[in-house]
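Every read-out reported here was derived from the displayed coordinates using simple, explicitly stated rules and does not represent laboratory data. Predicted model, so just to flag it, every value in this text is computed and none were measured. Every residue, glycine as well, gets a Cβ built from its backbone with ideal geometry; the counts of neighbours run over all protein chains shown.
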Amino acid sequence: DSTRGGLLDRGTGAGQGNVGLAVTAYGPAASAVDPDDQFLPGTGDRLGLRGYPNPFNPRTTIELALGGSADSGAVPVTIRVYDLAGRRVRTLHEGKLVAGLRHGVTWAGDDDRGRPLPSGVYFCRATAGGLGQTLKLVLVR
């Protein structure tokens with residue numbers, strides 16, 4: 001395992017053009033460790049999204065759980081951050097991820113050029129296989 005941009009990269013494939021970002025696979029989306037975890041979508045065609053800590057400073061981890069089984073292969077996934085005006089400020093991931101697993105990416109409150117963004121409310125939008133979830137994030141500098 002290597003550290004890159006504050007993320008643990010286990011070779012799960014950061015999207016092309018994402019400077020200093022990697023996506024970490026955590027394990028099965030239907031967890032035997034915590035079967036009561038309502039975040040986990042299980043084996044159906046569902047998508048879970050959460051961020052912690054939130055509010056955050058200086059960074060937050062965005063966790064995405066893809067329903068299905070790892071046997072069903074990889075699905076196209078995009079994870080983007082938008083400001084209150086609806087402008088895309090950061091693309092965290094654009095590429096394929098294996099279904100049936102939880103994946104995580106760390107966002108340091110910066111834009112696509114690596115410039116720090118001001119304090120405020122941002123929205124993280126994840127889409128996968130025709131499904132979508134939006135998460136409100138609060139950056140406090």
Check your understanding: Residues of the stretch 59-87 being among the charged types (D, E, K, R) and touching a residue at least 24 places away in the same chain (Cβ under 8 Å), which ones?
Key -> Arg59, Glu63, Asp71, Arg80, Asp83
Review point. Restricting to the stretch 86-100, what's the tally of residues that are of a type in the set (A, V, I, L, M, F, W, C) and within 12 Å of the chain's Cα centre (by Cα)?
Key: 2
Practice item. Give the number of residues within the stretch 81-106 that are in contact with a strand residue (DSSP E or B) (Cβ under 7 Å, 6 or more places away or on another chain) and closer than 14 Å to Val121 by Cα. Key: 7
